[in-house]
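Q: The following block contains the structure, expressed as structure tokens.
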Amino acid sequence: MSIEEGRPAVAETARHAPTAQQLATWRAFIETTELLRSRLGARLQSESGMSLQDYSVLLALREAPARNLRSSELADAVGWERSRLSHHVGRMERRGLVERKGPADGGWGSCVHLTDAGADVFRRASVGHLQAVSELFIDALSPAQLDAAGEIAQALSARLADTGGPRR
């Protein structure tokens with residue numbers, strides 16, 4: 001224990017095993033988020049023919065300046081490896097949702113651009129998807145729980161960023 005703080009040193013706390021209650025909370029969190037993601041994905045697919053992965057890519061591009069991101073930036077934005085992104089973008093490109101171009105600044109690498117058709121598909125899919133988000137997530141929580149969920153997401157995101165890897 002640190003004399004100044006009266007708590008275990010970092011090395012000591014990093015080695016303790018989670019309690020049964022902590023593991024139960026962890027498992028409930030993981031299983032619920034997987035079920036939520038599965039249900040949202042199934043609804044999005046049935047209502048719009050679009051996968052959650054498609055939606056994630058289109059959302060990142062929709063929010064980007066000029067609807068355009070370098071491939072590496074897009075991979076970071078959606079939390080994917082570049083090879084996975086490249087394959088997925090290729091499938092989306094064949095459907096006319098996105099196109100690959102050289103960077104506008106003349107630099108190295110390729111950029112992914114949201115096409116007008118992709119923006120239209122995204123816009124139409126968003127109506128039902130946002131309704132599903134409301135029904136399955138927002139409406140299930142009180143305002144205080146929703147605030148707590150946001151705080152939890154921010155804390156987890158910060159911890160994951162501190163431990164390396166892409167940050168969403």
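None of the figures in this text is laboratory data; all of them are computed from the coordinates on show. Quick caveat: nothing in here was measured; it's all calculated off a predicted structure. We place every Cβ from the backbone using ideal geometry, glycine too, and count neighbours over all the protein chains shown.
Q: With the contact rule set at Cα under 8 Å and sequence spacing of 6 or more, what percent relative contact order holds for the chain?
A: 21 percent
Q: Using 0.36 nm per residue of separation minus the Cα-Cα distance, give me the extension gain between Ala140 and His87 in nm, one decimal.
A: 15.5 nm
Q: Working only with C-alpha atoms, what are the Rg and Dmax values of the chain, expressed in angstrom?
A: Expressed in Å, the Cα Rg and Dmax of the chain come to 20.1, 63.
Q: Non-local amide H neighbours of Val98 (under 5 Å, H modeled in plane, Pro and chain starts lacking H): which ones?
A: When sequence neighbours closer than 5 places are left aside, the close amide H contacts are Glu93, Thr115.
Q: Here is a follow-up. Lys/Arg Cβ at +1, Asp/Glu Cβ at -1, dipole of the chain taken about the Cα centre: which of Ala117, Phe29, Ala132 is farthest positive-ward?
A: Checking the options against the dipole of the chain, the answer is Ala117.
Q: Taking only DSSP H segments of four or more residues, each worth -39500 (n - 2.57), what value at 222 nm results for the chain once the sum is divided by all its residues, to the nearest 500 deg cm²/dmol?
A: -21000 deg cm²/dmol
Q: Now for a separate question. So for the stretch 121-168, Kirkwood radius off the Cα pairs, Stokes-Einstein at 20 °C and 1.002 mPa s: how many µm² s⁻¹?
A: 169 µm²/s
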